[in-house]
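Reading through the structure tokens given below for one structure.
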Number of protein chains: 2
Amino acid sequence: MEIVEKISEVREITAEMRRKGLKIALVPTMGYLHQGHLALVKQAKQEGTFVVMSIFVNPIQFGPNEDFSRYPRDLEHDAQLAREAGVDLIFHPAVEEMYPQKNRTTVQVSELGNALCGLSRPGHFNGVTTVVSKLFHIVQPDRAYFGQKDYQQYLIVRQMVRDLNFPIEVIPVPIVREADGLALSSRNVFLTPEQRQEAVVLSQSLIEAETLIRQGERSVARIEDKIREKITTQSSGIIDYVEVRSAENLEKSATINEPVLIALAVKFGTTRLIDNYVVEV
Amino acid sequence: MEIVEKISEVREITAEMRRKGLKIALVPTMGYLHQGHLALVKQAKQEGTFVVMSIFVNPIQFGPNEDFSRYPRDLEHDAQLAREAGVDLIFHPAVEEMYPQKNRTTVQVSELGNALCGLSRPGHFNGVTTVVSKLFHIVQPDRAYFGQKDYQQYLIVRQMVRDLNFPIEVIPVPIVREADGLALSSRNVFLTPEQRQEAVVLSQSLIEAETLIRQGERSVARIEDKIREKITTQSSGIIDYVEVRSAENLEKSATINEPVLIALAVKFGTTRLIDNYVVEV
């Protein structure tokens, strides 16, 4: 496994692999890898491709008061995990390599970004779609793998790929969880032991909501209320949002009559966690 | 020369050519071809590539009160000219092929679009960069050719390609003019015989401005005034803008001390014409 920092190096290596007839897979990450990232790699490997993992904490997707500078980084450990998982090439550019001059070009996806995390993180998804476009043009993958923990991000990237005709297949990979249900996240490292224990309420409330829907509950308001109540009474978490929306286009209705995304964002101290379940009906 | 209407067909044919080791060139047009377009083809042919010409009147780059529906179209004649010029493949999609669902994704280039044609045609350049991104992803050319008549468009596309790391070389091709100097444009067909005669004032005023600069004039205001005065006194044209700006980034200064773009847009009746000269100093 090679680690390169220059765009020109990635282009050379991937062009060579393409000449050899290999398909290219891209696993875009911000590093500080956990099993959730490695599940993306595992799926890419199963499909027999040359796997490029990008590790880049992208400044333009962080708001001015967000955690860009304190976002956790550990390239050495990442490299070890990536190698073990079968990554073929790590692309780890400096900020100056990705943004050598003032970036004037933005890729924007309307509507899908106007809810959930898009409301609490204005500009965030424009930063994501812009850097993903750049990575797509640098790596030119046949397939790109995105974790469903960032479900809204997955939908937005899928929409961008469709609208702009990127010749790339976007593949969603299910959330990986701790034994007690907490969704893996690089940000979990910021939780105090008490917050870590309390945070289990997120996945538990989602499971309860899923059970309610399976039992026939169809009121979006009642399900959202149940989740809010559980989180508020059983933890110190401050709710950013709890929402039930169409899993296909994030539209909101009062009644559930199609597959839905149950999504939430909750702050424990300064650490904002997200989680979600997709429920078919 | 083949004419195809489906994205999947373009992808198949260009993939085949790529396998054969050919470079792919894209000449994006809105059709109603003239020698200006054919100069783009000629240059692409000289560079020994497989030349794809797109012919697509892109609705999203026209404002609500602009001439989308009356923009001239003549595929049969275009096909004949393209064939003679050596085009290998025409891509002529229907609007539904390019925008099968509501388009939610926009590519925006800031700053460069906030002047000249960007002021009189709000949204125009976002429509251009979005459709050009789509065409780039559909055709995946190695090189794309743009006429310098739309100089601002060329700069914006070049900026987009740099910022988003498109693996594509953007090549500008000089303006082609009638014998009397009028820049070729598909819209010239709308001019009455009188307007057609008057319109020669555009290139003439640009030549005079160039001469002034060559003679040592460095005041942007004086040059702009000279051009405005000539157009106003010698024609019925209504000036949209006359501007001298940096040829590199469209920035405005009072004094000329780097290569400049002298650009203008003038309406003759309902027909809006543009023209420009780049002057090195």
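The values are calculated or read from the model by the stated rules, or taken from the named source; none is laboratory data. All figures in this text were calculated on a predicted structure; none of them were measured in a lab. A quick note on method: Cβ atoms are made from the backbone with ideal geometry, for glycine too, and the neighbour counts reach across all protein chains shown.
Here are some notes:
- In the set (1) modelled with pLDDT of 95 or more; (2) under 28 Å from B:MET17 (Cβ atoms); (3) in contact with a strand residue (DSSP E or B) (Cβ under 8 Å, 6 or more places away or on another chain), the condition left unmet by A:SER54 is number (2).
- The condition (being among the hydrophobic types (A, V, I, L, M, F, W, C) and touching a residue at least 60 places away in the same chain (Cβ under 8 Å)) is satisfied by just one residue among A:PHE50, A:PHE68, A:PHE91: A:PHE91.
- When we screen B:GLN234, B:GLN159, B:GLN215 for residues that are modelled with pLDDT of 95 or more, more than 28 Å from B:TYR145 (Cβ to Cβ) and touching a Ser or Thr at 6+ places or on another chain (Cβ under 9 Å), the only hit is B:GLN234.
- Within the stretch B:107-119, considering residues that are buried (at least 20 other Cβ atoms within 10 Å of the Cβ) and at the interface with another protein chain (Cβ under 8 Å from one of its Cβ atoms), the one nearest to B:THR130 (Cα to Cα): B:VAL107
- All of (1) in contact with a Gly (Cβ under 9 Å, 6 or more places away or on another chain); (2) under 24 Å from B:HIS124 (Cβ atoms); (3) of a type outside the set (Gly, Ala, Ser) hold for B:LYS23 with one exception: (2).
- Answer from A:VAL189, A:VAL200 - the residue that is among the β-branched types (Val, Ile, Thr), closer than 24 Å to A:GLU66 by Cβ and more than 14 Å from every other protein chain (Cβ to nearest Cβ): A:VAL189
- Cβ separations smaller than 7 Å between residues 6+ apart or across chains give the following pairs from the stretch B:133-144 residues that are closer than 15 Å to A:ASP163 by Cα and within 9 Å of chain A (Cβ to nearest Cβ) to residues that are of a type in the set (Lys, Arg) and not in a strand (DSSP E or B): B:ILE138/B:ARG11.
To keep it simple, each residue is scored yes or no on (1) crowded, with 20+ Cβ neighbours inside 10 Å; (2) touching a helix residue (DSSP H, G or I) at 6+ places or on another chain (Cβ under 8 Å).
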| site | (1), (2) |
| --- | --- |
| B:LEU191 | no, no |
| B:GLU208 | no, yes |
| B:THR211 | no, no |
| B:ILE223 | yes, yes |
| B:ILE227 | yes, yes |
| B:LYS267 | no, no |
| B:ASP275 | yes, yes |
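- Considered as a group, the residues in the stretch B:146-170 that are surrounded by fewer than 17 Cβ atoms within 10 Å (Cβ to Cβ) and farther than 20 Å from B:GLU111 by Cα include one that is nearest to the other protein chains (Cβ to nearest Cβ), and that residue is B:PRO167.
- From B:ALA85, B:ALA79, residue being touching a residue at least 40 places away in the same chain (Cβ under 8 Å) and either touching a helix residue (DSSP H, G or I) at 6+ places or on another chain (Cβ under 6 Å) or not aliphatic (A, V, I, L, M) (or both): B:ALA85
- All conditions in (1) closer than 18 Å to B:THR29 by Cβ; (2) surrounded by 19 or more Cβ atoms within 10 Å (Cβ to Cβ) hold for B:ARG143, with the sole exception of (2).
- Of the residues screened, B:PRO167 is not one that is modelled with pLDDT of 95 or more, farther than 16 Å from A:THR130 by Cα, assigned to a loop (DSSP other than H, G, I, E, B) and out of contact with any Gly (no Cβ under 8 Å at 6 or more places or on another chain).
- Residue in the stretch A:248-263 that is within 29 Å of A:VAL41 (Cα to Cα), among the polar types (S, T, N, Q) and surrounded by fewer than 18 Cβ atoms within 10 Å (Cβ to Cβ) present: yes
- Some residue of the stretch A:17-24 being under 19 Å from the mean Cα position of the chain (by Cα) and in the same structural domain as A:GLU169 (by TED's automatic domain parsing): no
- Pairing each residue of the stretch B:246-269 that is without any contact (Cβ under 8 Å) to a residue 60 or more places away in the chain with any residue that is of a type in the set (Phe, Trp, Tyr) and surrounded by 20 or more Cβ atoms within 10 Å (Cβ to Cβ), provided the two are 6+ apart or on different chains, yields C-beta distances under 7 Å for B:ILE262/B:TYR277.
- Helices (runs of 4 or more DSSP H) fully within the stretch B:7-98 that include at least 1 residues being surrounded by 15 or more Cβ atoms within 10 Å (Cβ to Cβ) and within 14 Å of another protein chain (Cβ to nearest Cβ): B:7-19, B:95-98.
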